[in-house]
Structure formats: structure tokens, C-alpha cells
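Q: Below: one structure in C-alpha cells.
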Amino acid sequence: MNQESSLPTTPPDKQSQWSGGKETIESPNRWKKTGETWLIGLLLPVTLTLGWEIAVVQGWSSDRLLPTVSTILNTLWDLVQSGELPTHIANTLQRVFLGFVFGTLTGTVLGSLSGYWPLVRQLLDPTLQALRSIPSIAWVPMFILWFGIFETSKVVLIAVGVFFPIYLSLSDALRSVDRKLVEVGQSFRFQHHELILRILLPATLPTYLVSLRTGLGLGWMFVVAAEFMGAEYGLGYLLIDGQQTGRPAVILGAIVIFALLGKLTDWLVALLAGCWLSWQDGFQTGENHA
Amino acid sequence: MLDIRKLQKRYPNGFLALADFSLSVKQGEILAIVGGSGCGKSTLLRLIAGLDQPTAGSILLDGTTVLAPRPEIGVVFQEPRLMPWLTISKNVAFGIRHLPIEEQNQRVERVLERVGLATLSQRWPKELSGGQAQRVALARALVGQPEVLLLDEPYSALDALTRHDLQEHLLKLWVDQRPTLILVTHDIEEALFLADRIVVLQPQPGRVKSSFPVYLEHPRQRQDSLFLEWRSKLLAELNQAAQAHEKSTLSA
Ligand SMILES: Nc1ncnc2c1ncn2[C@@H]1O[C@H](COP(=O)(O)OP(=O)(O)O)[C@@H](O)[C@H]1O
Ligand SMILES: [Mg+2]
């Protein structure tokens, strides 16, 4: 050590300037890139809808079975003005929200327990796996019998849909947490709840947040099933109503709203996830789900 | 004072990793345990740390048996094992979570200064180099002011320069509180540079082959002729241990 060196050395203050400058260059590029990604994603749907619109306006085709975008928008606008659409949306949102909350809570608690304690897993998992393979619609008559025809049965059905992906991925992810990190906790004499709260759950957070999005997606699917079983309001009801009164524009309008709301809520959860996961060091974690 | 008596570890699959392993370590001693890969070095440290249980024998720290992890024992693993979701200072505070928050902050700040990473306290682990990460791991083990610090090949994944740096750094830190250091390594030079005493392991099952006190003045010079002499002596000893094992497997 301490031998004389003829190599030129960079003074420390210069080094820090250099690395400090590098970070600021990157950000405008990233914004530009995000903008381009958006445009590319929009290209296909915009071209298709414009093409269809032109085809109908030119008389090459009729919009009786597949209404054009403008017809759908007009129909939706009418529904907004009559006040029906906001009521439907509010009802559906409320159901999805409640179902999502209950499904997430139970999925998180049971998933944590069965991921952490082998005994709980042995006890619960076979039953839950069996229940999972039952098609959701098959529950509808039983839920109506148990919880009545009104809100409870619908919320329960949605919660069931949300529950399974969260339960499954959380309990699996917990069991595959790196033993080495757990050992660090053990060497500091962590109690069970500390191991779960301070190591296992944070370590599974990325998987968990993805499962929340999957759960939410299933929640949106199940709300339609729930609203098919006799609702007076809700987007699912609007679908049925459109079918029974022979108005495809209403059906498609409801579908569009479903798509928008689904995307919007998914985006909210993804946004939340992004805030929570800034520590992640994965391949392409910087590029987020747009 | 750490006393290891006739320790044996047989893994559930029947593999005998350690047998009849006895060793005493004085308070404040720097002990290096040298052995090839698969000698049972990590197994031994995990037992001392209380992370695993021996199948026979016992480990006594200040007269009481080590049955589970204890606050007087700190561990630095081969990998930094930082929690990627915590900032550096929170990672270090992991080891003293039971203290009041102000004392935690003070201690974390002090120990990060001592390992020379005070400016990085708010960074994420992914933003550190390997050497920095390992220093954070050292800070996390030291922040609880352990009586015994166990190090499992802590620098083996680093480049030579960084490794030498951190070895010198470790000695500087040791001077402060003079904890007992038990350093497990396959690097003879590392052992010679740091240790007061070197124990050479014999593989399969892991046991003590020989034990040397190292009479070299600190700071030690790696190019020093005496250092090099010790080095070849130890190398011969290690080779002998490995060959003895080969012979026994051949004749078996
Ligand atoms: N959990 C385990 N189950 C069975 N055998 C193990 C286990 N852990 C380690 N071993 C075996 O014990 C021996 C010693 O391992 P280890 O203590 O990790 O060696 P070292 O750290 O010296 O490289 C190795 O041969 C390894 O295969
Ligand atoms: Mg090892």
C-alpha cells in the first residue's frame, strides 16, 4: 500500500460534480419517451374507430348491429343528461369498491397466515383450492339464498373474485421469500409479527401489488355477473337493459364505460404501487405500466 | 469468553458437517477460521449465532448456552443482505429497533459515520457498490454494540483493492469497542492480515486441524518477508488438510 503512483487521479470534488450532472440530463428524455409510448398505444384503436365511422358515413355499412363511436357517444350523452348513467356508475363503483376492500382484506389476512404457518396452510389450502375451482356464477343462487337479492350478495360475489388471486399469490410469495433476508431478522430476534410485517410483507409487496391489480380486474368481471342477478341500477343492469330493449349502442356504451373505469381504477392502483416500489431494483422496473 | 465444546452438527439429510469441534475464544480476540469451501465454516458460524442448533455439544457465551440468537452476538453474512425496501439508515436501525427513536437515530448516524457512509444514509441499497453495501451490513451488526462479531467470508465477493480497504477499516473499527471477532474465511492473506490467532479446519466432517497464534505487529504489511513466510506455512497446512481428506476418501 501507499506506494507512489504515477497515474493521474481525479480530485474528489470533480468526481461528484460529474456524477451530479449526469442525473439531471436523463429526465427530459424519459418524458419524451413516455409520450411516444402513449401515442403508439393509441394508434390501433383510433385507426379502427375512424375507419368504422367513415365506413358507416359513406354508406358502405350500417350501424344497426355495430354502432359507430359517435352513436355510442350520443347515447351515453343522453344517458348522462337523463341522470341515469351517473346513478349506474355510482352503484357499480360502490359495489366494486366494497367487494374489493373485503376481498383484499380477507385475501391478505388468510394469505399471510397460510404463507407463514405451514399448519394453517395445510388446514386451509385444500379447501380454498377446491372452492376456487367452482365457477363464480355457480355461487349466484346460493349467495342470493344466503345474503338476499340486494347489495350483500353482490358485494360478496365480487369479494370472492377479488379474494382468490390475492390469497394465492400472497401465500405463495411469502413462502418463497429469500431465506437469507429472513435469517437477518432471526439474528435480530424478531418475533413472528415482526418477521411478517418488517420482512415478509415488504419483500412480497411487488407480487402483492400485482395481485391487487389482478384482483381488481376480477372484481370488475364479477360485478357484471353480480348485476346480472337482478339489479335495478348498475352498468351490468344497463347491459341487460340494452339487450332486452334491442339497443346495441347502450350495450356498447356500458362496455366502454366498463373499460374506462376498469382502466382508470387499475391505473390508480398501479400508481399507488409505483410510489411504494421506488426501492425496486429489477429489470425494467423504471419503465412503468402506462 | 466463548467456549465451544465438542460440537457436532448433522444435517437432517444425514450429512455430518461438524464433528467433535472444540474451541475457546477470549474476550476481544480476533480469531480467523480458515478452511476450504464446504469445510463447515458457515455451519459453525450459524451455530454460534444461534441460527441453527447443534446435534451434540454446546456453545457457551459468558457461561450460558447459546440456544437462540442473542443481542451480544452480531453477524455479518457473506452477502450484505440489506432489505432493498429500506433506506441505508433504516437498514442499519434494523438491529436496534427496540431503542427509543432518538437514540436509534443518534446511533445510526454515529455508526454510519464510523464506516464512512454518513452521506449515503438516505440512499437505497440498489444505489450502493458491493463494498459500500458490505460496510452497511457491518454498520448494522455493530450498531447494537455486540460483544462478539461473527463475519462469514464478508469480503470474498469484493475486488482485491476494496477488500484490502475494508480489512484495514475493520481493524480501525475493532479498536473502538474491541469486540471478539470471529472471522471465517478461505483467504489466508485476509486471516494473516487481521487475526491474533488462526484456526485451520479439516474438512468432512469439519474439525480443528491446527491453531496458530500470529505474532506479527500491527499494522501488518502484506509484502513483508515474515508475512509471506507465514503465508506459505499456512498454505502448506491447508493443503495438507485437503490432501488428508482426499486420501481418506480414496482409501474408503
Ligand atoms: N442445510 C443443509 N443440509 C445439508 N447439508 C448442508 C446444509 N448446509 C450445508 N450443508 C453441507 O455442509 C457442508 C458445510 O457447509 P458450509 O458450512 O456451508 O461450508 P463452508 O461455509 O465452509 O463453505 C457442505 O458440504 C454442505 O454441502
Ligand atoms: Mg460458507
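Q: What is the order of A:L98, B:L47, fewest Cβ neighbours within 10 Å to most?
A: Fewest-to-most Cβ neighbours within 10 Å comes out as A:L98, B:L47.
Q: Say R0 is 51 Å: what FRET efficiency, to the nearest 0.05, do B:A56 and B:H169 get from their beta-carbon distance?
A: With R0 = 51 Å, the Cβ-Cβ based efficiency is 0.85.
Q: Convert each backbone phi in region A:49-55 into a coupling constant with the Karplus relation 6.51 cos²θ - 1.76 cosθ + 1.60 (shift: θ = phi - 60°), then list the ³J(HN,Hα) values in order as whole Hz, x for Gly and Pro.
A: Each residue's phi maps through the Karplus curve to give 5, 4, x, 5, 4, 5, 4 Hz.
Q: Using the scaling law 2.2 N^0.38 Å as the reference, what is the normalised Cα Rg of chain B?
A: 1.03
Q: Let me ask something additional. Just want the ordering: B:K209, B:K9, B:K247, from fewest to most Cβ atoms lying within 10 Å of their own Cβ.
A: So the residues, fewest neighbours to most, are B:K247, B:K209, B:K9.
Q: Okay, next question. Filter the cross-link list B:K26/B:K247; A:K180/B:K247; B:K6/B:K126; B:K9/B:K247 down to pairs whose alpha-carbon distance in this structure exceeds 30 Å.
A: B:K26/B:K247; A:K180/B:K247; B:K6/B:K126
Q: Counting DSSP beta bridges in the protein assembly as shown, what percent are antiparallel, to the nearest 5?
A: 50
Q: Once every DSSP H run of n ≥ 4 in the protein assembly as shown is given -39500 (n - 2.57) and the sum is divided by its residues, what mean residue ellipticity at 222 nm do you get, rounded to the nearest 500 deg cm²/dmol?
A: -19500 deg cm²/dmol
Q: Below 12 angstrom from the Cβ of A:G99, what's the summed charge of the other residues (Lys, Arg +1; Asp, Glu -1)?
A: Once all neighbours under 12 Å are counted, the net charge is 0.
Q: Additional query: Taking Cα pairs under 8 Å and at least six residues apart, what relative contact order does region A:68-276 come out at, in percent?
A: With pairs under 8 Å counted, the relative contact order is 28 percent.
Q: Once you treat every alpha carbon in region A:68-276 as an equal point and sum by Debye, what is log10 I(q)/I(0) at q = 0.10, 0.12, 0.13, 0.14 Å⁻¹?
A: -0.52, -0.69, -0.78, -0.86
Q: Continuing with this model, one more query. Based on the Cα atoms of the protein assembly as shown, what semi-axes does the equivalent ellipsoid have, where each is the square root of 5 times one gyration tensor eigenvalue, given in whole Å with the largest first?
A: Result for the protein assembly as shown: semi-axes of 62, 30, 20 Å.
Q: Among the chymotrypsin sites (Phe, Trp or Tyr not before Pro) in region B:182-240, which ones are in a DSSP loop with at most 16 other Cβ atoms within 10 Å of the Cβ? Mind listing them?
A: B:Y215
Q: Set the Förster radius R0 to 35 Å, insert the Cβ-Cβ distance between A:C275 and A:A90 as r into 1/(1 + (r/R0)^6), and round the FRET efficiency to 0.05.
A: Step by step, r from the Cβ atoms, then E = 0.80.
Q: So which trypsin sites (Lys or Arg not before Pro) in region A:154-217 pass both tests, a DSSP loop state and at most 16 other Cβ atoms within 10 Å of the Cβ?
A: A:R189
Q: Have a look at the DSSP beta bridges in chain B and tell me what percent are antiparallel, nearest 5.
A: For chain B, the DSSP antiparallel bridge percentage is about 50.
Q: Take A:T214, B:T185 and order them by how many other Cβ atoms sit within 10 Å, fewest up front.
A: Result, fewest neighbours first: A:T214, B:T185.
Q: Can you run phi through the Karplus equation (6.51, -1.76, 1.60; θ = phi - 60°) for region B:91-96 and list ³J(HN,Hα) in whole Hz, with x for Gly and Pro?
A: Rounded to whole hertz, the list is 4, 5, 5, 3, x, 10.
Q: Pick out, in residue order, every one of the trypsin sites (Lys or Arg not before Pro) in region A:43-138 that is DSSP loop and has at most 15 other C-beta atoms within 10 Å; say none if there are none.
A: For trypsin sites (Lys or Arg not before Pro) across region A:43-138 that sit outside H, G, I, E and B with at most 15 neighbouring Cβ atoms in 10 Å, the list reads A:R64.
Q: Given H placed on each backbone N at 1.01 Å, which residues far from B:L149 in sequence or on other chains put an amide H within less than 5 Å of it?
A: Excluding prolines and chain starts, which carry no amide H, the hits are B:G74, B:T180, B:L181, B:I182.
Rule-based calculations on the coordinates, nothing more; no lab input. Just so it is clear, the structure is predicted and the values come from calculations on it, not from any experiment. No Cβ is skipped: glycine too gets one built from the backbone with ideal geometry, and neighbour counts run over all protein chains shown.
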